[in-house]
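Notes follow the structure.
The values are calculated or read from the model by the stated rules, or taken from the named source; none is laboratory data. Because the structure is predicted, anything quoted here is derived from the model rather than measured. Positions of Cβ are generated from backbone atoms using ideal geometry, with glycine treated the same way; all protein chains shown enter the neighbour counts.
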Amino acid sequence: MATININNIACVVPARNGCESLRQLFLSIRNQVIPFDLFIVDSSSTDGSVSFARKHGAHVHVIPVSEFNHGGTRQMMVDRLQQYDVFIFLTQDAYLEDNVAIERLVAPFNDLAVGAVCGRQLPHIDANPWAEHARLFNYPPESRVKSMGDAVEFGIKTPFISNSFAAYRREALLDVGGFPKHAILSEDMYVAARMLLKGWKVAYAGNASARHSHNYTMMEEFRRYFDTGVFHAREPWIREQFGQAGGEGLRYVQSELRFLGLRRLHLWPSSLLRNALKLVGYKLGFAESKLPTGLKKRLSMHWRYWEGTHA
C-alpha cells in the first residue's frame, strides 16, 4: 500500500443539465486549501453546462446520455485517469461547506488500510423536514473507521457510503475490480462492501462536510426505493454478508417521528405514509424479476437503466 500524494487527486463530477447547481459547486471548489484536478463527465447537457465548466477550468468529457450509468460512468473515468492516487466523487447538486472539506475528506487515507472515505452531508438551506431528517440521521458529526469486524454491530450500515461526497484510494478500487459497470444505483455501497470483504477499511469523516439533499415527493421516494430494492435483489451477497435492512428502517421511522416532534404532529400521517411507500417500493423492487420490463421502467426513478441489455 502506497502513501497518498495529496497533489495527485482527481475530483470527478457526473453532470446533466446542471449549470445552475454547478455554479454553487464551483464556488466552493475553488476555495479548497489543497490542490486537485477537476473533471466533469457530462451526459450531453443542453443548458450550457459544458461551456460553463470549461470556462471555469474543469476538464470536460462528454458522453451520450444513453451511455450514462451510475457505476459504469464513474469506472470509465477511473480507467481514463490512471495517473491519480485518489478519486473524489461529487454530484452536481452538492457543494462543499468550507475550504477544508477536501483536506478533511482525504485525511483518513493516512491510515494505509483505508480504501474509501465518506464525508458528512448537511441538508440544503431549503430542505424540507423529510430531507433534513434524512441527512441528520445518516450523517452524524462523529467520525468513524469501520472494518469487516464491525458488521456485527452495524449490519447493512457497515458499507454505507455516498458518492455525492466520497473519496476512494485507487489501489483499493483496483483491488476490488472497480465500480460495477451496470448498477441502477448504490455503486458506492457495492465498492465499499467489496473493500470490507477484502480487508480494507471504510472511513466516515464527520468533520468533512458538503451540502446535499433532495426534497423528494412521496412518489419520488417510492421510485428511489424501488431502485434500491432492485439493487439488493441483484446483489444478494451484500445482504448475506452484512444483514438485512429491516431493523434499520424501523429505527429510521422512529427517529423521524421524534425529529418532527409534537409541534409538528400534523406531519406524522405524511411521515408514516411516506415511509410506507418506501417499504412498498423496496419490496416491489426486490421482486423485480417477476415484473415486466415496461412496468419496471414506469416504477423506477432511473428509468433509462431498463433500456439497456441488463434490464
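Within the range 187-201, identify whether any single residue is under 22 Å from Met77 (Cβ atoms) and among the small types (Gly, Ala, Ser), and answer yes or no.
yes
Yes or no: Asp37 touching a helix residue (DSSP H, G or I) at 6+ places or on another chain (Cβ under 8 Å) and surrounded by 14 or more Cβ atoms within 10 Å (Cβ to Cβ)?
Values: touching a helix residue (DSSP H, G or I) at 6+ places or on another chain (Cβ under 8 Å): no; surrounded by 14 or more Cβ atoms within 10 Å (Cβ to Cβ): yes.
For Asp37, the condition - touching a helix residue (DSSP H, G or I) at 6+ places or on another chain (Cβ under 8 Å) and surrounded by 14 or more Cβ atoms within 10 Å (Cβ to Cβ) - is not met.
Pick from the range 289-311 the residues that are within 23 Å of His214 (Cα to Cα) and in contact (Cβ under 8 Å) with a residue 60 or more places away in the chain: which of them is surrounded by the fewest Cβ atoms within 10 Å (Cβ to Cβ)?
Here the answer is Arg304.
I'm told Ala245 meets every condition in (1) modelled with pLDDT of 95 or more; (2) under 22 Å from Met301 (Cα atoms) except one. Can you identify the failing condition by its number?
Result: Ala245 fails condition (1) only.
Is at least one residue of the range 122-131 over 27 Å from His214 (Cα atoms) and either touching a strand residue (DSSP E or B) at 6+ places or on another chain (Cβ under 9 Å) or modelled with pLDDT of 95 or more (or both)? Working first, answer last.
Step one: filter the range 122-131 for residues over 27 Å from His214 (Cα atoms), giving none.
No, the range 122-131 contains no residue that is over 27 Å from His214 (Cα atoms) and either touching a strand residue (DSSP E or B) at 6+ places or on another chain (Cβ under 9 Å) or modelled with pLDDT of 95 or more (or both).
Let's see how each residue does on (1) in the same structural domain as Leu38 (by TED's automatic domain parsing); (2) hydrophobic (A, V, I, L, M, F, W, C); (3) modelled with pLDDT of 95 or more; (4) outside any loop (DSSP other than H, G, I, E, B):
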site	(1), (2), (3), (4)
Ala167	yes, yes, yes, yes
Ile184	yes, yes, yes, no
Tyr190	yes, no, yes, yes
Asn207	yes, no, yes, yes
Phe222	no, yes, yes, yes
Gly249	no, no, no, yes
Glu256	no, no, yes, yes
Arg263	no, no, yes, yes
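I'm trying to understand the selection: among the residues of the range 249-263, which are over 23 Å from Lys283 (Cα atoms) and either among the charged types (D, E, K, R) or touching a helix residue (DSSP H, G or I) at 6+ places or on another chain (Cβ under 6 Å) (or both)?
Arg258, Phe259, Leu260, Arg263
Whether any residue in the range 230-237 is over 16 Å from the mean Cα position of the chain (by Cα), surrounded by fewer than 20 Cβ atoms within 10 Å (Cβ to Cβ) and closer than 20 Å to Leu90 by Cα is what I want to check.
No, there is no match, as no residue in the range 230-237 is over 16 Å from the mean Cα position of the chain (by Cα), surrounded by fewer than 20 Cβ atoms within 10 Å (Cβ to Cβ) and closer than 20 Å to Leu90 by Cα.
Quick one: Leu250 ticks every box in (1) in contact with a His (Cβ under 9 Å, 6 or more places away or on another chain); (2) without any contact (Cβ under 8 Å) to a residue 12 or more places away in the chain except a single one, so which number is it?
(1)
List the residue pairs whose Cβ atoms are under 6 Å apart, where the first residue sits in the range 156-184 and is under 20 Å from Arg211 (Cα atoms), the second is in a loop (DSSP other than H, G, I, E, B) and among the hydroxyl-bearing types (Ser, Thr, Tyr), and the two are 6 or more positions apart or on different chains.
Sorted first by the residue in the range 156-184, then by its partner, the pairs are Ser164/Thr91.
Does any residue in the range 271-288 that is not assigned by TED's automatic domain parsing to the domain that holds Ala134 and part of a helix (DSSP H, G or I) come within less than 7 Å, Cβ to Cβ, of a residue that is polar (S, T, N, Q) and surrounded by 14 or more Cβ atoms within 10 Å (Cβ to Cβ) six or more places away or on a different chain, and which pairs are these?
From residues that are not assigned by TED's automatic domain parsing to the domain that holds Ala134 and part of a helix (DSSP H, G or I), the pairs are Tyr282/Thr228; Gly285/Thr228.
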